[in-house]
Amino acid sequence: MPATRRTSVSTAHFEQAYRARTDPWGTLHKAYEREKFADTASLLPPGRFRSALEIGCGVGALTRLLAPHCDTLLATDCSGAAVEQARGNCADLEGVSFATLRVPEDLADGEADLDLVVMSEVGYYLSDADLALAARRIRARLRPGGHLLLAHWVHEGPEGVMTGRGVHEVFRSVPGTVQVAGREESRYGETYRLDLLRREP
């Protein structure tokens, strides 16, 4: 399995990006991003989720697609500036709250209280150790039968840096986790990996 970064990318890196520019990755207006998020949401299993957590919400583009499926959704990002933008962009949504959260540090091994966790474009910014710990802690927070939805770019990164496929393999390898669905999509010359996992009892 390819290695990730030796150290996780700092919160300051993302804070600077969101302070310097509104929606720095163009998630609200780029066709590629809109279609990627629509593909991601299409992988959700049928039914509603009582309690959901989104990790890496950015400015709230995917949040808007997740909210109609959830009774309560906590959308989080490590950047306070991103959370501020997301809160403004999603002010009309019911049942959605926002908070700053850095994984794995702020995702404590707590009660299994979540029916859905969504992580998009976060995993390859984490070190080997942090990614493995995040995978275990997320699995622990899911109720039996709860789902984890992953979406990551399959990019050509620097040597020794994990790409989207490797990130998802870390989550699939956590004991008690089974894959429900998964596929790769290519749009506008870019490829991304989508996987839906479920926690077994």
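The values are calculated or read from the model by the stated rules, or taken from the named source; none is laboratory data. Predicted model, so just to flag it, every value in this text is computed and none were measured. Note that we place each Cβ from the backbone using ideal geometry, even for glycine, and neighbour counts take in every protein chain shown. The area values use the complete protein model at the heavy-atom level, side chains included, leaving out ligands, DNA and RNA. Shrake-Rupley method; radii C 1.70, N 1.55, O 1.52, S 1.80 Å.
In whole Å, what are the extents of the chain along the principal axes defined by its C-alpha atoms, from largest to smallest?
Principal extents (Cα only, largest first): 42, 42, 32 Å.
Heavy atoms only, probe 1.4 Å: what % of the accessible area of the stretch 54-192 goes to carbon and sulfur, would you let me know? Please report the intermediate quantities before stating the final value.
Details: 2760 of 5640 Å².
Carbon and sulfur atoms account for 49 percent of the accessible area of the stretch 54-192.
How much accessible area per residue does the chain have, counting only protein heavy atoms and a probe of 1.4 Å, in square angstrom? Each step should come with its number before you reach the end.
Values: 9250 Å² over 201 residues.
Heavy-atom accessible area per residue stands at 46 Å².
Please tell me the relative contact order of the chain in percent, rounded to the nearest whole number, where contacts are Cα pairs under 8 Å and at least six residues apart. Before the final figure, lay out each step's value.
Numbers: 416 pairs, mean separation 43.8, N = 201.
Relative contact order comes out at 22 percent.
Among residues other than Arg198 whose Cβ falls under 15 Å from its Cβ, what is the net charge (Lys/Arg +1, Asp/Glu -1)? Write out the running numbers ahead of the final one.
Working: positive: Arg139, Arg141, Arg143, Arg172, Arg199; negative: Asp115, Asp195, Glu200.
Residues near Arg198 contribute +2 overall.
Would you calculate, for the chain, the mean residue ellipticity at 222 nm contributed by helices, counting each DSSP H stretch of 4 or more residues as -39,500 (n - 2.57) and dividing by all residues, to the nearest 500? Show your work: numbers first, answer last.
On the way: 6 runs with 61 residues, N = 201.
My calculation for the chain gives -9000 deg cm²/dmol from helical runs alone.
Taking 30 Å as R0, compute the FRET efficiency from the Cβ-Cβ separation of Ala31 and Asp92 and round it to 0.05. Write out the running numbers ahead of the final one.
Values: r = 23 Å, r/R0 = 0.78.
Efficiency computed from Cβ-Cβ geometry: 0.80.
At what distance in nm do the modelled label points of Ala129 and Ser10 sit from each other, each positioned 7 Å from its Cα along Cα→Cβ?
1.8 nm
With θ set to phi - 60° and the Karplus curve 6.51 cos²θ - 1.76 cosθ + 1.60, what are the ³J(HN,Hα) couplings of the stretch 186-201 in order, to the nearest whole Hz, using x for Gly and Pro?
Result, ordered by residue: 10, 9, 6, x, 10, 10, 9, 10, 10, 9, 10, 10, 10, 7, 8, x Hz.
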